[in-house]
Amino acid sequence: MIDVIDIFRDGLRNTKRVPPGRATPERLQERLRFIERHRELYILAQAVGQRHCRREQVILDRYRREVMRYISQLKACTELAGPIIHPVRVSIKNIQWCDYVMTPEFHQDPTLTGIVLPSALVFSLNKAHKEQVKAILHVVGL
């Protein structure tokens with residue numbers, strides 16, 4: 001039986017970085033494939049965390065839920081004022097699985113741009129995320 005760790009390890013080994021340079025249609029396609037592959041690796045990393053790094057995953061999930069609760073309360077308060085319309089520039093960067101502190105969808109949601117979170121919550125979330133990434137890489141053997 002193939003373990004999620006083996007799939008994750010193989011995915012990391014087989015995902016090559018996109019070389020920097022001028023934006024061309026081919027390079028854009030490479031970047032999109034790179035981002036999609038790392039979204040898949042993020043999902044696998046969460047599975048590894050659930051199975052093998054339970055303590056770190058529970059702590060991180062608790063802070064993620066706290067952030068979402070805070071944002072939902074904030075959005076409920078700001079709905080009365082109406083939308084703020086501003087241009088959103090979409091940037092396609094070489095985002096790796098370990099760059100997603102919350103989720104890929106959350107990370108790329110332009111409606112969350114500019115939301116200010118309490119610094120203590122951000123500090124705790126980032127610390128828990130670093131511990132989870134470190135634990136997953138230790139379990140995977142990288």
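The values are calculated or read from the model by the stated rules, or taken from the named source; none is laboratory data. Since we're looking at a predicted model, the values are computed, not measured. Here Cβ is always computed from backbone atoms with ideal geometry, including for glycine, and neighbour counts include all displayed protein chains.
Scanning region 23-55 for residues that are modelled with pLDDT of 85 or more and outside any helix (DSSP H, G or I) yields a single hit, CYS53.
Residues that are modelled with pLDDT of 90 or more and either in contact with a Lys or Arg (Cβ under 9 Å, 6 or more places away or on another chain) or of a type in the set (A, V, I, L, M) (or both) are absent from region 15-22. The C-beta contact set for region 111-130 (first residue aliphatic (A, V, I, L, M), second residue assigned to a helix (DSSP H, G or I) and modelled with pLDDT of 90 or more, distance under 6 angstrom, 6+ apart or interchain) comprises LEU125/TYR63; ALA128/ILE59; ALA128/LEU60; ALA128/TYR63. Looking across region 104-142, the residues that are among the β-branched types (Val, Ile, Thr) and either in contact with a helix residue (DSSP H, G or I) (Cβ under 8 Å, 6 or more places away or on another chain) or outside any helix (DSSP H, G or I) (or both) come down to THR113, ILE115, VAL116, VAL133, ILE136, VAL139, VAL140.
A quick yes/no check of all residues on (1) surrounded by 12 or more Cβ atoms within 10 Å (Cβ to Cβ); (2) farther than 20 Å from ALA135 by Cβ; (3) under 17 Å from the mean Cα position of the chain (by Cα):
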residue: ASP10; (1), (2), (3): yes, no, no
residue: ARG17; (1), (2), (3): no, yes, no
residue: THR24; (1), (2), (3): no, yes, no
residue: ARG27; (1), (2), (3): yes, yes, no
residue: GLU30; (1), (2), (3): yes, yes, no
residue: PHE34; (1), (2), (3): yes, yes, yes
residue: ARG37; (1), (2), (3): yes, yes, yes
residue: LEU41; (1), (2), (3): yes, no, yes
residue: LEU44; (1), (2), (3): yes, no, yes
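Only residues that are surrounded by 14 or more Cβ atoms within 10 Å (Cβ to Cβ) and farther than 16 Å from VAL58 by Cα were counted in region 125-142, giving 3. Pairing each residue of region 24-39 that is farther than 23 Å from PHE8 by Cα with any residue that is surrounded by 11 or more Cβ atoms within 10 Å (Cβ to Cβ), provided the two are 6+ apart or on different chains, yields C-beta distances under 9 Å for ARG27/VAL18; LEU28/ILE92. Based on this model, can you work out whether VAL122 counts as surrounded by 11 or more Cβ atoms within 10 Å (Cβ to Cβ) and at pLDDT below 90? Spelling it out, VAL122 is indeed surrounded by 11 or more Cβ atoms within 10 Å (Cβ to Cβ) and at pLDDT below 90. All told, THR78 falls short of being at pLDDT below 90, over 21 Å from ILE5 (Cα atoms), in a helix (DSSP H, G or I) and in contact with a helix residue (DSSP H, G or I) (Cβ under 9 Å, 6 or more places away or on another chain).
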